[in-house]
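To start, the structure under review is shown below, and the notes come after it.
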Amino acid sequence: MLIRRSSDIREFEVTDHGLYLGRRKLLALGAAALAAAVASKAAAAPLTGVIEGPFGTSEPLTSKIAATHYNNFTELGFHKDDPAENADRFPPLRPWTVEIGGECAKPGRIGIEDLIRPHALEERIYRMRCVETWSMVVPWIGVPLGDALRQFEPTSRAKFVEFTSVHAPNILPGQKTDLLPWPYVEALRIDEAMHPLTLLAVGLYGEDLPVQNGAPLRLVVPWKYGFKGAKSIVRIRFTETRPHTTWNDLQPDEYGFYANVNPAVDHVRWSQANERRIGEFRRRPTLPFNGYADQVAGLYAGQDLRRDF
Ligand SMILES: Nc1nc2c(c(=O)[nH]1)N[C@H]1C(S)=C(S)[C@@H](COP(=O)(O)O)O[C@H]1N2
Ligand SMILES: [Mo]
């Protein structure tokens, strides 16, 4: 039942084909028609009181239409334009409860509002880099994950943090298939999770997170390949041992646990040395840690990043 031959389920194939469909559809629709289609989807609420975060880039933004229509969210379909198209199949987004547990002194179940209320929402313009060789620049809004997690008082045994995405096979079309073993699970080492660059995002482009980008809250880890950014999180757990994670379990030689953006370590079947920004034609060199080396390289001092890829 579960797992197809790994060659059938490469993220690359899934999304590359989808990207083609998406671009063709964009051309066919034209920007105006597409904008109308976007507007008719669940009305996004503007987020207020957002302050400018301490990190970010001044590079030109990817268009909102591209960032909300070239998506990987397997629960909502196979192709890159499926998540936007299937967005209204998603269960009601409020109230949304995230269960926090594992190696912490104060486990709890909290609503998204409770998670956010004590913290100022920050806007951070982050470079995003998929393990496929495209990239985006997206203005995310959220709270630093570390600030949100500290109140649960992780113990000294907490070495990793595991993130579990929504599981609703009766509603989510992708979960009626065996495209991936469900639910989607990702994890970070605790120092990565607590690093100030790691964001629990609740919005983008000034508004609530659209379903296709992982509503109502998802992880954004800008120095890592996109698959580390679990969407629509329902559970966060502190663990002593390294959790199993979806893509790493499926194809460990292709999707490393660390998944730090690294132009010097190729994917098994393609180079990771350069990338194409959505909306641009020329390729550009990929930067170590996606350009965030100054902030995060120290986390990996003494580690062999060819082995720990
Ligand atoms: N739950 C869940 N989270 C997920 C995925 C997924 O299929 N399911 N895809 C991942 C991958 S491979 C990428 S590149 C990013 C894409 O995020 P975006 O659509 O907002 O660009 O989400 C990640 N998070
Ligand atoms: Mo990805």
Label model pair GLU113, ASP304: point-to-point distance (7 angstrom along the Cα→beta-carbon line) in nm is 5.2
At a Förster distance of 41 Å, what's the computed FRET efficiency of ASP294 paired with LYS176, Cβ-Cβ distance as r, to 0.05?
0.40
Taking the Cα centre of each part, how many Å lie between the stretch 178-240 and the stretch 132-152?
7
Here the residues of the stretch 92-135 lying in the modelled label zone of GLU153, meaning backbone nitrogen under 11 Å from a point 7 Å along Cα-to-Cβ, are 104-107
Express in nm, to one decimal, how much length is gained between ASP249 and ALA45 on full extension, taking 0.36 nm for each residue of separation and deducting their alpha carbon distance.
69.8 nm
Taking the alpha-carbon set of the chain, what are its Rg and Dmax in Å?
18.2, 55
Here are some pairs, LYS106/LYS159; LYS159/LYS231; LYS106/LYS224; LYS64/LYS228; which of them have Cα atoms lying more than 25 Å apart in this structure?
LYS106/LYS224
Once both label points are put 7 Å beyond Cα along the C-beta direction, the THR241-PHE55 separation in nm becomes 3.0
Evaluate the distance, in nm, between pseudo-label points positioned 7 Å from the Cα of ARG276 and of ILE65 along their respective Cα→Cβ axes.
1.8
List the aspartates and glutamates whose Cα lies under 13 Å from the Cα of LYS176, skipping any in the same chain that are fewer than 8 positions away.
GLU75
Tell me which residues come under 5 Å, amide H to amide H, from ASN274 once H is placed; ignore anything under 5 positions away on its chain.
THR286
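Every number here is computed from the coordinates shown, using simple stated rules; none is lab data. The structure displayed is predicted, hence computed values, not measured ones. When we count neighbours, we look across all protein chains shown, and the Cβ atoms used for this are built from the backbone with ideal geometry, even at glycine.
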